[in-house]
1. How many of the residues in segment B:148-159 are surrounded by 23 or more Cβ atoms within 10 Å (Cβ to Cβ) and not in a helix (DSSP H, G or I)?
2. Report yes if residue B:206 is open to solvent by 10 Å² or more (accessible area, probe 1.4 Å) and touching a strand residue (DSSP E or B) at 6+ places or on another chain (Cβ under 6 Å), otherwise no.
3. Applying the selection to segment A:412-432, what residues are more than 14 Å from every other protein chain (Cβ to nearest Cβ) and either open to solvent by 10 Å² or more (accessible area, probe 1.4 Å) or in contact with a Pro (Cβ under 9 Å, 6 or more places away or on another chain) (or both)?
4. Can you run down the residue pairs with Cβ atoms below 9 Å, 6 or more apart or on separate chains, where the first is in segment B:66-95 and among the acidic types (Asp, Glu) and the partner is part of a loop (DSSP other than H, G, I, E, B)?
5. Regarding segment B:139-150, can at least one residue be identified that is of a type outside the set (Val, Ile, Thr), more than 24 Å from residue A:561 (Cα to Cα) and within 7 Å of chain A (Cβ to nearest Cβ)?
6. Go through segment B:99-131 and count every residue that is touching a helix residue (DSSP H, G or I) at 6+ places or on another chain (Cβ under 8 Å), among the small types (Gly, Ala, Ser) and surrounded by fewer than 20 Cβ atoms within 10 Å (Cβ to Cβ).
7. Is it the case, given these coordinates, that residue B:156 is more than 9 Å from every other protein chain (Cβ to nearest Cβ) and in contact with a Ser or Thr (Cβ under 7 Å, 6 or more places away or on another chain)?
8. Among what's in segment A:483-516 and is open to solvent by 40 Å² or more (accessible area, probe 1.4 Å) and touching a Pro at 6+ places or on another chain (Cβ under 9 Å), pick the residue that is modelled with the lowest pLDDT.
Amino acid sequence: MAVAVSAPVGSARVPVRHFVRLKLRVMGNNFRGQGWRIALFVVGVLVGLWFATGGFFALAAPGLAGEPRYALLTAAFGGGLLVLGWLLLPLVFFGVDETLDPARFALLPLTRRTLVTGLYAAALISVPVLTTLVAVAGLVVTAGALGGWSAALVAVVGLVAGLLLCVAAARALTSAFATMLRSRRVRDLAAVLLAVVAALLGPLQIVVLAAVRQADWERLTGVARVVGWTPFGAPWTAGIDVAEGRVWAAPVKLLITALTIGALLLWWSRSLESAMVGAASAGPVRDRRGPTGGAVDQLFPRAVGRARRDRFGALVARECRYWWRDARRRANLITVAVVGVFVPVMVNLGGSRLATDGGQAFGEASTDSSPVLVSLSMLFVGVLASLTLANQFGFDGSGYAANVVAGVPGRLELRARMTAFSLYVVPILGVVAVVLATLLGHPGWLGVMAGALLAAYGSGLAVTGFVSVLGGYALPETSNPFAMNTGAGVAKSFLTLLSMIASAVAATPMVVAAALLGDLWLWLALPVGLAYGLGAALLGSYLAGDVLDRRQPELLAAVTPRR
Amino acid sequence: MTEEHPALALRGLAKRFGTKVAVAGVDLDVPAGSFYGLLGPNGAGKTTTLSMAVGLLRPDAGQARVLGYDVWADPVRAKGLLGVLPDGVRLFDRLSGAELLAYHGLLRGMDPAVVDQRAAELLDVLALTDAGRTLVVDYSAGMKKKIGLACALLHGPRLLVLDEPFEAVDPVSAALIRDILQRYVGGGGTVVFSSHVMEVVERLCSHVAILAEGTIKRVGTLDQVRGDRSLEDVFVEVVGGRTATGQELSWLSR
């Protein structure tokens with residue numbers, strides 16, 4: 001009976017293709033029996049390819065037009081922006097595809113090396129990688145047209161290396177951030193860091209634009225040459241170097257890229273390990289501070305301390321607590337705050353600063369901005385702020401069951417959620433308006449800005465009310481606030497785009513009024529905007545609440561993560 | 001008027017997910033004042049059935065009535081009488097225990113003073129006062145079950161529907177929960193709970209239903225169902241479990 005226990009299994013090395021197949025299988029299973037998901041996926045791929053084609057021709061232009069002096073510029077700056085985008089966009093906007101959650105591999109006897117290479121290979125299988133590949137293929141055309149076959153060949157090697165670099169950078173950075181955010185103590189610090197990183201996007205763009213405007217081509221080429229020697233530009237410019245006769249530069253640049261990839265993967269594998277362990281032992285940090293006051297008073301944060309102790313009050317209080325305590329929601333709030341301040345500054349100040357030689361200080365900028373332009377940018381900020389609620393039920397996940405069981409009326413639910421979010425966002429919007437009015441040197445426009453902001457925000461709330469009820473989707477239950485499911489990424493961008501357009505259209509009357517009414521509008525904008533926004537939000541919650549009443553169980557099923 | 005109605009009446013409840021039939025027509029009458037155990041192996045459709053019974057999952061067909069009120073046609077009345085502890089569902093776990101109770105109480109339209117008093121009492125009885133302002137997300141699995149039960153009990157429902165209330169609960173807490181539930185039934189309440197732990201069911205229940213492959217296989221009082229055998233024997237026979245022959249998995253023994 002006693003049969004010898006067979007030799008310990010698993011000593012053989014796990015080949016990378018297992019991870020790739022696993023990823024493909026998980027992606028495929030996500031689609032099974034879900035026609036709309038396939039449709040969304042296809043739409044996403046098509047949209048991605050459309051942009052990719054644009055990028056392709058932009059990067060191929062110097063080669064197609066036979067303009068060798070622009071070749072290095074486009075390669076260095078275009079490629080550099082691409083790397084920067086891969087670094088920052090997952091943090092700020094899109095999240096990182098965590099189809100294969102590292103924590104799931106924690107119990108398997110895999111070496112760190114196997115795991116990292118496997119997950120890395122799996123991460124390469126994605127739509128963004130495909131579209132980036134299509135776009136940077138333009139570099140091959142340029143290198144080939146200018147330097148023949150050998151240059152094209154080096155360019156191919158370069159762009160593959162560059163792509164690997166992009167993915168490694170995105171993974172390493174998000175993983176490191178996620179690890180930092182996991183521990184409660186560091187979370188505050190990390191949130192600030194994230195905000196700073198995101199904030200850098202704005203000024204950086206201004207500086208770059210100013211440089212483009214100011215600098216002559218000689219100086220720009222000099223900058224491009226320097227960028228070409230950093231990891232941001234090295235992989236993309238290798239082919240151009242061969243085409244321009246600096247054959248020796250190509251292997252050096254590829255070496256730079258390879259070293260960077262190695263360093264990034266090392267960094268990733270460090271944080272990956274703590275991510276895997278952290279998920280298992282995010283040990284309870286007991287807070288034994290004695291409660292102050294009764295249970296009900298504990299629920300209500302001080303900001304809403306005077307709210308009525310009823311259903312509406314409880315919903316608002318719980319949402320307020322969640323916007324602060326849930327890392328995922330807080331990351332969204334920070335994004336709103338940062339983007340909300342910088343985008344209008346860029347749109348309204350950027351142009352004028354550049355026009356006036358870029359040398360003037362912010363405060364004394366003489367502007368060519370107008371109430372219409374300002375209203376437009378405020379429209380964008382208001383809509384962007386409201387977009388955060390486009391998947392508001394997804395944040396709750398299966399926790400929403402509590403409200404379903406308690407039979408919370410849909411209208412009450414939506415109004416409470418809008419109110420709680422507005423408690424955070426309206427002050428932010430106020431700051432945006434004041435800051436921008438001061439920077440522009442037009443304090444009189446404060447009313448126009450605040451009015452446009454409120455109107456756009458209110459209309460946005462109405463639209464996202466519908467979107468969140470009809471198009472809610474599940475977010476993965478990981479502690480990584482940047483994680484999202486495959487397929488959901490496409491769904492997310494699609495829904496976001498749709499609600500953005502709808503909200504913007506709904507709020508356009510404010511811009512039209514700004515254009516038509518002239519000075520009178522400076523006084524009317526605030527009260528009208530306030531009434532418009534409030535009315536739109538109330539109407540939205542009224543109509544969407546009715547839909548929610550009929551869809552509660554379906555919505556719950558949609559936002560419950562599949563396991 | 002509600003006294004003549006069963007506490008929970010299910011009629012032909014059915015649900016399919018894609019091509020897989022999860023629940024294929026369940027009829028069940030839970031008499032008021034009973035302690036009702038819903039038994040079944042994993043994947044039998046217990047959670048699906050209970051979710052449809054309390055309004056969390058829309059059935060493809062069939063009806064669910066709580067003390068005569070249709071859960072799907074008259075949800076406000078029906079849900080007011082219900083207390084639910086779902087399984088595998090997150091609580092609003094970024095609140096502390098006390099905050100969570102206050103939220104549930106106010107959501108049920110209770111008076112704040114009553115909520116305060118009952119919340120303090122429940123936390124005390126369930127030995128959760130020590131947790132202080134620890135967030136529920138940092139609770140252990142057993143503590144989460146207990147706070148979930150407290151949320152279900154807070155508004156004094158007439159019918160408690162509990163999905164796997166004893167899963168992942170240590171013996172001390174389990175004894176506490178049993179005690180509370182027995183007092184609740186003694187006071188005129190009705191409990192329906194799902195489980196696959198025979199001992200608990202045999203110890204507590206007045207009535208039992210065995211669910212397998214989406215249909216009710218046996219139903220009745222505990223004595224009717226088990227007859228003169230043990231509940232476990234009946235269960236294994238009904239569900240059709242296999243007995244080990246000793247040949248398979250031989251590599252497990254050295």
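The values are calculated or read from the model by the stated rules, or taken from the named source; none is laboratory data. Just so you know, these numbers come straight off a predicted model, no measurement behind them. A quick note on method: Cβ atoms are made from the backbone with ideal geometry, for glycine too, and the neighbour counts reach across all protein chains shown. Surface accessibility is based on the protein's heavy atoms, side chains included, excluding ligands, DNA and RNA. Shrake-Rupley method; radii C 1.70, N 1.55, O 1.52, S 1.80 Å.
1. So the answer is 2.
2. yes
3. A:415, A:418, A:419, A:422, A:423, A:424, A:426, A:427, A:428, A:430, A:431, A:432
4. B:87/B:164; B:87/B:165; B:87/B:167; B:93/B:139
5. Among the residues of segment B:139-150, not one is of a type outside the set (Val, Ile, Thr), more than 24 Å from residue A:561 (Cα to Cα) and within 7 Å of chain A (Cβ to nearest Cβ), which makes the answer no.
6. The number of residues fulfilling the criteria is 3.
7. no
8. A:485
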